[in-house]
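Structure first, commentary second.
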There are 2 protein chains.
Amino acid sequence: MNESSVPAGASPLAAVGQVIEALRARWPDRVSTSEALRRQHANTFTWHRPQLPDAVVFAHTTEDVQEIVRLCAANQIPIIPFGTGTSLEGQINAPYGGISIDLSPMKEILAVFPGDLSCTVQAGVTRKQLNDYLRDQGLFFPIDPGADASIGGMAATRASGTNAVRYGTMRENVLSLTAVMPDGRIVRTARRARKSAAGYDLTRLLVGSEGTLGIITEVTLKLHGIPETIAAAVCPFETLQGACDTAIAAIQSGIPIARVELLDELQIKACNVYSKLTLTEAPTLFVEFHGSQAGVDEQVALFQTIAGDNGSRDFQWSTKPEERTKLWQARHDAAFSCMVLKPGANVLPTDVCVPISRLAECVLETKDDLARRNLFGPIVGHVGDGNFHVAVLFDRDDADEVKRVKSFSKALAHRAIAMDGTCTGEHGVGQGKMAYLDAEYGEALDLMRAVKRAVDPDNIMNPGKIFTL
Amino acid sequence: MNESSVPAGASPLAAVGQVIEALRARWPDRVSTSEALRRQHANTFTWHRPQLPDAVVFAHTTEDVQEIVRLCAANQIPIIPFGTGTSLEGQINAPYGGISIDLSPMKEILAVFPGDLSCTVQAGVTRKQLNDYLRDQGLFFPIDPGADASIGGMAATRASGTNAVRYGTMRENVLSLTAVMPDGRIVRTARRARKSAAGYDLTRLLVGSEGTLGIITEVTLKLHGIPETIAAAVCPFETLQGACDTAIAAIQSGIPIARVELLDELQIKACNVYSKLTLTEAPTLFVEFHGSQAGVDEQVALFQTIAGDNGSRDFQWSTKPEERTKLWQARHDAAFSCMVLKPGANVLPTDVCVPISRLAECVLETKDDLARRNLFGPIVGHVGDGNFHVAVLFDRDDADEVKRVKSFSKALAHRAIAMDGTCTGEHGVGQGKMAYLDAEYGEALDLMRAVKRAVDPDNIMNPGKIFTL
């Protein structure tokens, strides 16, 4: 087994070895037990320590996945689905060892239905690949979690990102899924109609289940027409409160804003260094408006008024593609730029989401709490949804700092839950947020467990994620 | 037990009697076994024969529901939740007898959060009651299934209706639910944040579960700002194809149309008789646009161009409330007007929904099929979603006609499924659509059954609905 501690009841080495040999016999070129590849398949980007699978196997079709699942199920070997490995909460870790099924070869765009504004893709298709493919047809897939994640992984973690305020999350944009269940059966969760009242919503049950119920192999998505006009704007504020209040008021006044992103002054500073920019180091909103020319003009004017009422210092905007890209560059680089603030540091990403009326309060209390604990981390938020991230930068070898980081993260999750929010708006639970689900759900958590036990009685599907059984 | 056949394994009369006595002892004024009341609680409006519960009990709080469920669970007595009794597929029937829990006294609007565009209501609140309450705050709840249904019932059946094309269905508009589970536990499925990636989507699991997993007692809903401008229009067409193609093209071109309803010439005729109107008896689209003045003007102009390209004969529109109401009167009366075409007839409502690119084809084939079978029924469709209803009018005492109606209904469901659509877009499965789920879901239906067995192992929650176990 791998380097991680193996809890009692884990599959015995012999069985794993037999499964690996059987996989090799079936696909000589698609199975690897090399440490480098296994390590890459447990690379979590963040503070989670990697827990390596026993082997990695590459799947090319739904039927491949079915064969692998059947083999693992017969031997009670854990299965960990892998798309691009860009999840942040240890979703791809293998705490009980087992087989990592890499779906990245499943890159076929199976069908585009322009008349229905939908498409069906294999799980390994990435969002950028899909959008490159769709562009000529005037269509796009709006969900943008930052990383060029796989569509299957985005469905599995209920991803969202910058466009969710206008277009919804994966919850709203998946029409149907094909999945391989723990007993090897292939199910299609729904048909392609835009609505249905035919029985339980299996699509939504699998969206966000993080591989613990079945392996998503094909996804039918809603698409959207590329807007006639896109305007991007950048708007620094005197105070963080003013920036938050602007986002809140924009949502409340019904502006169909496509993106509204908050970067605090620390994040702007990081972006200035990282991308050699000269932005004012102040809390800043990055916004984007989609629509007809007249519609966008109207949205921009209304937003500008609201921003002015809340202490905006400046308001730069453009509808020209190259200028828009330049205006938004800092936002695009935010995820990678924060490391310049503390080179070599570890990062603990947080992900709370609260009702938008509590957003300013939650952000400001969190900022105070960071200072109080002598911690350090920029803030980026999809504030139109009430969702924001603190990227806490710390030194893993500083035991006291680690302790403070952990208590900060816990306090933040509980602060959000106390405001009727959630410990994770879009990253998912994985290993990192398990501790908070009791507080967030109470008795409902047992209902999740009952569903898990019914669907995966042997707990072979990505065990050790979301909750303990 | 009641008049229906009682399958083996149904609860013995003695146990039902004991439960009823216990309920009476607890709430002397809230339990009834009168035939009239029991009959009213199994009134299905349509072709389903009523199957009466053994008793009706009125619940005032979530805790009341919990007590009733615990009592029934201890005695394995079926429980049938009842809101307003406006479901169409036998959802409130009691094929195995049992206790109908009437939640209509649960009429409290518990909280409105204007800053979050959301509210929490008890399950018995009706949509009109809610909208009357919200109007002064400039907010509205958009889902409009026609009947003044209860919010709990609308969530349980995943209702939608005329506004769904713009605002989504109950699937998209429920943020969180409180429900009493079969073991009497009270769960809250989610918190109030607009998005979350924290574990399984229990909210969506219960939305559309038709009382078979638990009883919804409180619902947190998304709300929307009342649009600055609303324009209504009526637009007759030379052909049914032209009307369908207009709806399809409007959706494809991204017009954020709020409502787009098709009435065929037969339905218009019925409305003319019923409401004493003088509309051209032709396939007609009733449309509504929401937005700013400039936005609505733009939508109307674009739609008018599309309609003209598809053979519209006329285009009447208005933004004045009283004129809008007058223009749309035929649409509002459609549900009740069809009876004038065949007084005393029974009605079999159908409810297929297909990908919008297949809509015209599905409607036209269905119309041909009606004629071929010598049947008779107007068509009303929420065509922006690809969803349409044929209200087949027939004489229950004419055995041959009944046979033809049933084969028509079956052929229609399979036609929609063959077009990658669903047998029910918004009415739910109940008893009426159970026969089609195998064709629609295949293996996935067993996954639904596994979830049902895990959550309700004794099958006391609305048994005999959606699927057999």
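What does the charge dipole of chain B about its Cα centre add up to, to the nearest 20 debye, if the Cβ of each Lys and Arg holds +1 and the Cβ of each Asp and Glu holds -1?
Details: 46 positive and 55 negative charges, 142 e Å.
So the magnitude is around 680 debye.
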Residue mean of other protein chain beta carbons inside 10 Å, A:457-468: 1
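Counting only C-alpha contacts under 8 Å and six or more residues apart, can you give the relative contact order of chain A as a whole percent?
On the way: 1024 pairs, mean separation 71.2, N = 469.
It rounds to 15 percent for chain A.
Using a 10 Å cut-off on Cβ to Cβ distances, tally the other chain neighbours for every residue of B:384-397 and report the average as a whole number. Mind dumping the intermediate values first?
Numbers: counts 1, 4, 5, 5, 0, 0, 0, 0, 0, 0, 0, 0, 0, 0.
Counting other chains' Cβ atoms within 10 Å and averaging over B:384-397 gives 1.
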How far is helix B:240-252 tilted, in degrees, relative to the longest principal axis of the Cα atoms in chain B, given as a value from 0 to 90 rounded to the nearest 10? 80 degrees
Kirkwood Rh in Å, taken over all unlike Cα pairs in segment A:344-438: 13.2 Å
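Take each of the peptides B:16-26, A:28-38, average the number of other beta-carbon atoms within 10 Å over its residues, and list them starting from the highest.
Values: B:16-26: 16.8, A:28-38: 13.8.
Top of the packing list down: B:16-26, A:28-38.
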Which Cα, out of B:G97, B:Q267, B:G138, lies furthest along the positive dipole direction of chain B (beta carbon charges, K/R +1, D/E -1)? B:G97
Spread of Cα-to-Cα distances over 20 Å intervals beginning at zero, given as percent, for chain B: 24, 56, 20, 0
Report, to the nearest 10°, how far helix A:399-418 tilts away from the longest principal axis of the Cα atoms in chain A, using its own Cα long axis and a range of 0 to 90°. 80 degrees
Measure off 7 Å from each Cα along the Cα-to-Cβ vector at B:D314 and A:Q137, then give the distance between these two points in nanometres to one decimal. 3.9 nm
Would you mind giving the three semi-axes, in whole Å and largest first, of the ellipsoid equivalent to the protein assembly as shown according to its Cα gyration tensor? 44, 35, 27
Pop a pseudo-label 7 angstrom from the Cα along the beta-carbon direction at both B:E281 and A:A294 and give the gap in nm to one decimal. 3.9 nm
For segment B:419-468, with +1 on Lys and Arg beta carbons and -1 on Asp and Glu, the positive-most of B:G421, B:N462, B:Y436 along the dipole: B:N462
Return the Cα extents of segment A:109-225 along principal axes one, two and three, sorted largest first, each rounded to a whole Å. 40, 29, 26
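Just counting partner chain Cβ atoms within 10 Å, what average do the residues of peptide B:201-214 show around their Cβ? Each step should come with its number before you reach the end.
Numbers: counts 11, 8, 4, 9, 8, 3, 4, 7, 3, 3, 0, 2, 2, 1.
What the average comes to for B:201-214 is 5.
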Going 7 Å from the Cα of B:R49 toward and past its Cβ, which residues in segment B:81-114 have a backbone nitrogen under 14 Å from where you end up? B:94-96
Derived scalar couplings ³J(HN,Hα) [segment B:267-275; Karplus, 6.51 cos²θ - 1.76 cosθ + 1.60; whole Hz; x for Gly, Pro]: 5, 5, 4, 4, 5, 4, 5, 5, 9
Filter on A:K107/A:K452; B:K367/B:K410; B:K269/B:K433; B:K107/B:K452 - keep pairs with C-alpha separation over 19 Å: A:K107/A:K452; B:K269/B:K433; B:K107/B:K452
Would you calculate the volume per residue, in Å³, of the smallest convex hull containing every Cα atom of segment A:304-359? 156 Å³
In whole angstrom, and with the biggest value first, how far do the Cα coordinates of segment B:213-276 range along each principal axis? 46, 33, 29
When the Karplus curve 6.51 cos²θ - 1.76 cosθ + 1.60 is applied with θ = phi - 60°, which whole-Hz ³J(HN,Hα) does each residue of segment B:346-358 get, with x for Gly and Pro? 8, 10, 10, x, 10, 7, 6, 9, 10, x, 4, 5, 9
I want to verify the translational diffusion coefficient of segment B:15-110 in µm²/s; compute it with Stokes-Einstein, Rh as the Kirkwood radius over Cα pairs, at 37 °C and 0.692 mPa s. 246 µm²/s
For B:I255, B:I68, order by how many other beta-carbon atoms lie within 10 Å, fewest first: B:I255, B:I68
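For segment A:88-150, what is the Kirkwood hydrodynamic radius in Å, using each pair of distinct C-alpha atoms?
Values: mean 1/r = 0.0745 Å⁻¹.
Kirkwood radius, segment A:88-150: 13.4 Å.
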For the residues B:L130, A:L279, what sequence is obtained by ranking on other C-beta atoms within 10 Å, fewest first? A:L279, B:L130
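Given contacts defined as C-alpha pairs under 8 Å and at least six residues apart, what's the relative contact order of segment A:93-205, whole-number percent?
It rounds to 15 percent for segment A:93-205.
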Based on alpha-carbon centroids, what's the gap between segment A:423-469 and segment A:131-165 in Å, whole number please? 25 Å
Divide by every residue of chain B the summed helix terms, -39500 (n - 2.57) for each DSSP H run of at least 4, and state the resulting mean residue ellipticity at 222 nm, rounded to the nearest 500 deg cm²/dmol. -10500 deg cm²/dmol
Taking each label point as 7 Å beyond Cα in the direction of the beta carbon, state the distances from A:Q129 to the same residue in the other copies, shortest first, in nm. 5.2
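For a quick check: sort A:M181, A:M461 by the number of other beta carbons within 10 angstrom, fewest at the front.
Values: A:M181 23, A:M461 27.
If I rank by nearby Cβ atoms, fewest first, I get A:M181, A:M461.
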Rounding to the nearest 10 and keeping the result within 0 to 90°, find how far the Cα-based axis of helix A:293-309 lies from the longest principal axis of chain A. 70 degrees
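Every read-out reported here was derived from the displayed coordinates using simple, explicitly stated rules and does not represent laboratory data. Treat the numbers as computed from the prediction; the structure is a model and nothing was measured. Note that each Cβ is placed from the backbone with ideal geometry, even for glycine, and that neighbours are counted across all protein chains shown.
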